[in-house]
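Working notes, structure below.
The numbers here are math on the coordinates, done by the rules we state, and not lab data. These numbers were taken from a predicted model, which means no experiment stands behind them. Here Cβ is always computed from backbone atoms with ideal geometry, including for glycine, and neighbour counts include all displayed protein chains.
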Amino acid sequence: MSVDLTIDYLGLQLDSPLLASACPLTSNLESLQHLRAAGAAAAVLPSIFEEQIEHEEMEVARMLDFWALSSPETSDYFPQLDNYNTGPGAYLKLIADAKQQLDMPIIASLNGSTMGGWVRYAGLIEQAGAAALELNIYEVSCDPLVDARQAEEEYFKLIRAVRDTIQIPIAVKIGPYFSALPHFARELASLGVNGLVLFNRYLAPDIELESLEYVPALELSTPSELRLALRWIAILRDQVELSLAATGGVHSTQDVVKSIAAGANVVACASALLSRGPHAFRELKQGLQQWLTEHEYTSVKQLQGSMSLKHCPNPEGLKRANYMRALTSYTPSVSVDSVSTDPVSTDPR
Ligand SMILES: Cc1cc2nc3c(=O)[nH]c(=O)nc-3n(C[C@H](O)[C@H](O)[C@H](O)COP(=O)(O)O)c2cc1C
């Protein structure tokens, strides 16, 4: 008996819950084709950054100013900036080409955190044929005078502006640093956001000790990272009207099953694809089908949310209770006695 893997995400009907998350493998048509052949149900293109778009807009504005000043009579020949595609054209072309050549939804991604002219780029993304837009919001709050409400309001302003610009579904991809995430998620839903992607990995820089500089550092994820998203997806599932995507640490069939049981509509994978190639999706799809069959599910929807806060048998396990249990049940791998004979611990300093 074949199992029904179809699922709704952001109002898009997907043939499975496997989403290729924004990463280098989704940046060109050829690898998108490989991803689709291996079982990706949809793909999120790499983010285009606020800085990239603003930079290019400024360059074009400078160029137009220069021409207008040097030859006023020619200025009429140049389009108004408002109607002009000043954003990175290759990105829009990738959306259009992918839409034409692939039978799966293509989700574009914008990365930014402030209001600005770049927001209208969302309109160009929609026109190019994106099925949805993922807003990858990333702001590092450093100012002690800005409180949580103000910081969130900045996001809301941005999201409102994008919502006013486009009709296609919007997903918001967030990091885990919110003190009242369910409230934030509810506000997003009330703004007309369709889904939440949790959690982006806010790659923290490392210190290069010789040059004393902060340097970018990127390691692929490990499966243990998924637990953060699992908990919050389970908490949010029955409390907000949003599609939910689990990202960060989905590597195995078990990770996919757990994500959906917690309440995710889809899993968004990057590291598994980057380390094992698009073929990882073939394994995950077969594995999911097999797991569901063996456990007598007829569809992925039947599994979805069965371990949410509301439906799981031990909701306390998602809250404080588990914390204490985890700490008190830990067994050190070295004997506590051997620690006192360690040369480092007897160092007279
Ligand atoms: C090399 C690389 C590039 C990425 N680029 C983007 C990006 O452009 N936009 C974005 O929202 N996420 C980006 N991500 C994050 C992934 O889409 C994904 O959400 C994250 O890595 C967690 O999933 P994973 O554990 O499967 O890697 C990138 C990740 C990697 C490893």
Problem set entry | Cut-off 16 Å (backbone N to label point 7 Å along Cα→Cβ of residue 142), residues of the stretch 94-116 | 113-114
Exercise. What span do the alpha-carbon atoms of the chain cover on each of the three principal axes, reported in whole Å from largest to smallest?
Worked result: 86, 68, 37
Exercise. Mind checking the dipole of the stretch 227-347: about its Cα centre, +1 per Lys or Arg Cβ, -1 per Asp or Glu Cβ, Debye to the nearest 20?
Worked result: 460
For this session: Find the all-direction average of the projected area of the Cα convex hull for the stretch 207-247, expressing the result in square nanometres with one decimal place.
Result: 4.5
Exercise. Fewest first, what order do 115, 104, 307 take by the number of other Cβ atoms within 10 Å?
Worked result: 115, 104, 307
Seminar exercise, completed: The exposure ranking of 328, 222, 114, fewest beta-carbon neighbours within 10 Å first, is 328, 222, 114
Seminar exercise, completed: If each K or R counts +1 and each D or E counts -1, the residues other than residue 105 whose Cβ falls under 11 Å of its Cβ total 0
Exercise. Using only the Cα atoms of the stretch 232-314, what do you get for the radius of gyration and for Dmax, in Å?
Worked result: 12.8, 37
Seminar exercise, completed: Expected unfolding gain across residue 99-residue 252 under the 0.36 nm per residue rule, minus the alpha-carbon gap, is 52.2 nm
For this session: Treating only the Cβ atoms of Lys and Arg (+1) and Asp and Glu (-1) as charged, compute the dipole magnitude of the chain about its Cα centre; round to the nearest 20 debye.
Result: 1420
Exercise. For the residue pair residue 186 and residue 214, what label-to-label distance in nm results when each label sits 7 Å from Cα along the Cα-to-beta-carbon direction?
Worked result: 3.4
Seminar exercise, completed: Around residue 225 (Cβ within 13 Å, Cβ-to-Cβ, excluding residue 225; K/R +1, D/E -1) the net charge comes to +2
For this session: Find out how many positive minus negative residues lie around residue 272, taking Lys and Arg as positive, Asp and Glu as negative, among other residues whose Cβ is under 13 Å from that of residue 272.
Result: 0
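Within 10 Å of each residue's Cβ, count the other Cβ atoms and sort 325, 282 from fewest upward.
If I rank by nearby Cβ atoms, fewest first, I get 325, 282.
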For this session: Quote the relative contact order of the stretch 7-340 in percent (integer), defining contacts as alpha-carbon pairs under 8 Å separated by 6+ residues.
Result: 17
For this session: Provide the convex hull volume over Cα atoms per residue for the stretch 136-219, in Å³.
Result: 125
For this session: Pop the C-beta distance of residue 204 and residue 322 into the FRET formula with R0 = 22 Å and round what comes out to the nearest 0.05.
Result: 0.30
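Using 1/(1 + (r/R0)^6) with R0 = 25 angstrom and r between the beta carbons of residue 290 and residue 310, what's the FRET efficiency to the nearest 0.05?
0.35
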For this session: Using a Förster distance of 35 angstrom, determine the FRET efficiency expected from the C-beta separation of residue 329 and residue 238, and round it to 0.05.
Result: 0.75
Exercise. Stretch residue 28-residue 337 to full length: gain in nm at 0.36 nm per residue minus the Cα-Cα span?
Worked result: 105.6 nm
